[in-house]
């Protein structure tokens with residue numbers, strides 16, 4: 001079972017705003033990040049957490065730092081890796 005520190009959650013509104021600025025649909029972002037559009041949708045809406053690796057892929061697809069979009073599942077800020 002993942003621990004709170006091995007998964008991350010999106011900062012409220014961060015992915016939605018970044019995706020809109022990048023003019024990407026949920027499907028486009030999922031394809032660019034190599035994750036399903038359902039994963040993007042659930043994380044964006046705060047319904048689920050994802051692994052740090054997937055979070056980095058989503059952030060990279062948006063050309064942002066993972067720290068700008070995500071926090072640890074326990075709410076603690078991410079430290080640079």
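Consider residue 6 carefully, then state whether it is surrounded by fewer than 15 Cβ atoms within 10 Å (Cβ to Cβ), closer than 20 Å to residue 78 by Cβ, in contact (Cβ under 8 Å) with a residue 12 or more places away in the chain and within 10 Å of the chain's Cα centre (by Cα).
Details: surrounded by fewer than 15 Cβ atoms within 10 Å (Cβ to Cβ): yes; closer than 20 Å to residue 78 by Cβ: yes; in contact (Cβ under 8 Å) with a residue 12 or more places away in the chain: yes; within 10 Å of the chain's Cα centre (by Cα): no.
For residue 6, the condition - surrounded by fewer than 15 Cβ atoms within 10 Å (Cβ to Cβ), closer than 20 Å to residue 78 by Cβ, in contact (Cβ under 8 Å) with a residue 12 or more places away in the chain and within 10 Å of the chain's Cα centre (by Cα) - is not met.
Being touching a helix residue (DSSP H, G or I) at 6+ places or on another chain (Cβ under 7 Å), closer than 14 Å to residue 11 by Cα and either in a loop (DSSP other than H, G, I, E, B) or touching a residue at least 60 places away in the same chain (Cβ under 8 Å) (or both) is the filter here; which residues of region 56-71 pass it?
Within region 56-71, 64, 65, 70 meet the criteria.
Of (1) part of a helix (DSSP H, G or I); (2) over 10 Å from the mean Cα position of the chain (by Cα), residue 74 satisfies all except one. Which?
Of the numbered conditions (1) part of a helix (DSSP H, G or I); (2) over 10 Å from the mean Cα position of the chain (by Cα), the odd one out for residue 74 is (1).
Please go through (1) in contact (Cβ under 8 Å) with a residue 40 or more places away in the chain; (2) surrounded by fewer than 16 Cβ atoms within 10 Å (Cβ to Cβ); (3) over 11 Å from the mean Cα position of the chain (by Cα) for residue 51 and return the number of the only condition it doesn't satisfy.
(3)
Does at least one position in region 18-41 carry a residue that is at pLDDT 95 or above, closer than 19 Å to residue 75 by Cβ and within 11 Å of the chain's Cα centre (by Cα)?
No - not one qualifying residue is present in region 18-41.
Taking region 24-34 as the region of interest, how many residues are buried (at least 20 other Cβ atoms within 10 Å of the Cβ) and outside any helix (DSSP H, G or I)?
Total meeting the criteria: 0.
Checking residue 53 against (1) assigned to a helix (DSSP H, G or I); (2) modelled with pLDDT of 95 or more: exactly one of these is not met. Which one?
The single condition residue 53 does not satisfy is (2).
From 39, 16, which residue is in a helix (DSSP H, G or I) and in contact with a strand residue (DSSP E or B) (Cβ under 8 Å, 6 or more places away or on another chain)?
Answer to the selection: 39.
The values are calculated or read from the model by the stated rules, or taken from the named source; none is laboratory data. In this text the structure is predicted, and so the values were computed from the model without any measurement. Virtual Cβ from ideal backbone geometry, glycine too; neighbours counted across all protein chains shown.
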